[in-house]
Amino acid sequence: FVIMESNVSKKVLSNKLDNYLKRYPNEKEKITKTLHLLVTDNDCFKRTNWGGHFTASAWIIDKSRKWILMTHHKQLNIWLQLGGHAEDNNNLLEVALKEAKEESGINNFNIISEEIFDLDIHKIPKYGFNPEHLHYDVRFIFEADKLEKLSISNESNDLAWIKIEEVLNLNPKKSIERMMHKFVNQFLRS
């Protein structure tokens, strides 16, 4: 039963990646690599798989669509969207939601779409006993009430709602720029 359930969840993720490819054909190389990991590596949801593993993130916007919730990550020392390791859970939407709750203290999120909002493959530097490895980060977009009380997790130096005009000043990396571009094009243009 567990193997069958795992295959069903992998099929769901595979379908979401296919849908993402239809929306973003220019990201084909990255999507192909992600599908390859999903299909060929049975340990792809385990954080100890040093060949690369899945993580899930939440791009969190407020109801006015003028603010993005970001965390200043302790280990990486940069402002990022909230997220974390799959920890053997192959339902990455569930993982993103769990991580968003744990890292923000907010309990109520509106899942704007169950489809993948963004996809990124990035290197994580060697840290302690963990060797350098790849994160295959599957990102979803959520909405939260900016007035809800925030609680900084032990993985963060800070947590804040950032004005959309300021996001790229805090983190100008291509990955953040790409999510900002998608957010602006999908939610702020009429």
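Which Cα, out of I78, L97, F109, lies furthest along the positive dipole direction of the chain (beta carbon charges, K/R +1, D/E -1)?
I78
With the contact rule set at Cα under 8 Å and sequence spacing of 6 or more, what percent relative contact order holds for region 120-189? Please list the in-between numbers first.
On the way: 34 pairs, mean separation 12.5, N = 70.
After rounding, I find 18 percent.
If the chain between E87 and N130 were fully stretched, how many nm would it gain, using 0.36 nm times the residue separation less the Cα-Cα distance? List each step's numbers first, then the result.
Values: separation 43, 0.36 × 43 = 15.48 nm, distance 1.54 nm.
So the chain would gain 13.9 nm between E87 and N130.
If you place +1 on the Cβ of every Lys and Arg, -1 on the Cβ of every Asp and Glu, and leave all else neutral, what size is the dipole of region 64-103 about its Cα centre, to the nearest 20 Debye?
Roughly 360 debye for region 64-103.
What ratio of Cα Rg to 2.2 N^0.38 Å holds for region 108-155? Intermediate values should be presented prior to the final figure.
Details: Rg = 15.2 Å, N = 48, 2.2 N^0.38 = 9.6 Å.
Normalised Cα radius of gyration, region 108-155: 1.58.
Once label points are set 7 Å from the Cα along Cα→Cβ at both H36 and S153, what is their separation, rounded to one decimal in nm?
Each label point lies 7 Å from its Cα, and together they span 3.0 nm.
Taking 8 Å as the Cα distance limit and 6 or more residues as the minimum spacing, I'd like the relative contact order of the chain as a percentage. Please list the in-between numbers first.
Working: 328 pairs, mean separation 45.9, N = 190.
Across the chain, relative contact order equals 24 percent.
Using a 1.4 Å probe and ignoring any ligands, DNA or RNA, find the accessible area of D88 and quote it in Å² to the nearest 10.
The value for D88 is about 100 Å².
Give me the extension gain from N7 to N19: residue separation times 0.36 nm, minus the current Cα-Cα distance, reported in nm with one decimal.
Length gained, N7 through N19: 2.5 nm.
Just the accessible area per residue of region 1-109, please: how many Å² with a 1.4 Å probe? Walk me through the numbers on the way to the answer.
On the way: 5630 Å² over 109 residues.
Each residue of region 1-109 exposes 52 Å² on average to a 1.4 Å probe.
How big is the C-alpha Rg of region 20-132 next to the rule-of-thumb value 2.2 N^0.38 Å, as a ratio?
In units of the globular-protein estimate, region 20-132 measures up at 1.12.
Hey, got the dipole for region 26-67? About the Cα centre, +1 on K and R Cβ, -1 on D and E Cβ, debye to the nearest 20?
Here the size comes out at about 260 debye.
Considering all alpha-carbon pairs of region 79-120, what whole percent are spaced by more than 11 angstrom?
69 percent
What distance in nm lies between label points placed 7 Å from Cα along the C-beta direction at H122 and E27?
Taking the two extended label points, one gets 1.3 nm.
Given the convex hull of the Cα atoms of the chain, what is a quarter of its surface area in nm²?
On the way: hull surface 43.6 nm².
Projected over every direction and averaged, the Cα hull of the chain covers 10.9 nm².
Defining a contact as two alpha carbons under 8 Å apart and six or more residues distant in sequence, what relative contact order in percent does region 107-150 show?
47 percent
With a 1.4 Å probe and every protein chain kept in, tell me what percent of the accessible surface of the chain is carbon plus sulfur.
For the chain, the apolar C and S fraction of the accessible surface comes to 52 percent.
Kindly work out what percent of the DSSP beta bridges joining two residues of the chain are antiparallel, to the nearest 5. All intermediate terms of the calculation are to be shown ahead of the outcome.
On the way: 26 of 36 bridges.
In the chain, approximately 70 percent of DSSP beta bridges are antiparallel ones.
Using only the Cα atoms, what convex hull volume per residue in Å³ does region 1-74 have?
158 Å³
Placing +1 at every Lys and Arg Cβ and -1 at every Asp and Glu Cβ, with all other atoms neutral, what dipole size does the chain have around its Cα centre, in debye to the nearest 20? Mind dumping the intermediate values first?
On the way: 27 positive and 27 negative charges, 107 e Å.
The calculation lands at about 520 debye.
The values are calculated or read from the model by the stated rules, or taken from the named source; none is laboratory data. Quick caveat: nothing in here was measured; it's all calculated off a predicted structure. Glycine also receives a Cβ, built like all others from the backbone with ideal geometry; neighbour counts cover every protein chain displayed. Calculation scope for accessible area: heavy atoms of the full protein, side chains included, ligands and nucleic acids excluded. Shrake-Rupley method; radii C 1.70, N 1.55, O 1.52, S 1.80 Å.
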